[in-house]
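*Asks:* Before we start, here is the structure in question, set down as structure tokens.
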Amino acid sequence: MSTPAMLLAVASMAAVTFLPRFVPLALFNRRIQSVYLRSFLHYIPFAVLGSMVFPGILFSVPDMNAAIAGSAAALILAFFNRGIMTVSVCAVIIVYSYGALFL
């Protein structure tokens with residue numbers, strides 16, 4: 001790749017990364033009054049995080065049943081407000097135990 005083409009690629013990637021962050025800041029300089037829109041925007045980071053993490057959970061081990069068992073254990077423990085270390089360690093133990101017993 002030639003130098004001008006590489007510089008054009010880097011500049012376009014910088015613009016694509018910068019514009020979605022800058023445009024809302026520049027256009028919406030006052031507080032959003034709609035309660036519905038504010039509550040919707042509040043949950044977007046959680047939805048994006050879940051959509052990025054969940055496929056990684058399912059395909060992290062060779063057997064999808066083990067991943068589902070670990071995910072179910074994590075969801076149950078999280079529902080009962082256990083700490084993140086407890087949820088994570090128990091999910092790993094469940095996945096490892098499932099793999100040791102059934103594979």
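Bear in mind these aren't lab numbers, they're just calculated from the coordinates by the rules spelled out. Small disclaimer: the values here were computed from a predicted structure and weren't measured. Please note: Cβ atoms are built from the backbone with ideal geometry, for glycine as well, and neighbour counts cover all protein chains shown.
*Asks:* What number goes with the only condition from (1) within 30 Å of residue 24 (Cβ to Cβ); (2) polar (S, T, N, Q); (3) in a loop (DSSP other than H, G, I, E, B) that residue 81 does not pass?
*Replies:* Going through (1) within 30 Å of residue 24 (Cβ to Cβ); (2) polar (S, T, N, Q); (3) in a loop (DSSP other than H, G, I, E, B) one by one, residue 81 breaks only (1).
*Asks:* Quick check on this structure: which one of 31, 21, 38 is of a type outside the set (Ser, Thr, Tyr), assigned to a helix (DSSP H, G or I) and loosely packed, with under 10 Cβ neighbours inside 10 Å? Spell out the reasoning first.
*Replies:* Numbers: 31 fails: assigned to a helix (DSSP H, G or I); 38 fails: loosely packed, with under 10 Cβ neighbours inside 10 Å.
Result of the check over 31, 21, 38: 21.
*Asks:* Hey, among 61, 16, 48, which residue is surrounded by 10 or more Cβ atoms within 10 Å (Cβ to Cβ) and outside any loop (DSSP other than H, G, I, E, B)?
*Replies:* Sole residue among the options that is surrounded by 10 or more Cβ atoms within 10 Å (Cβ to Cβ) and outside any loop (DSSP other than H, G, I, E, B): 48.
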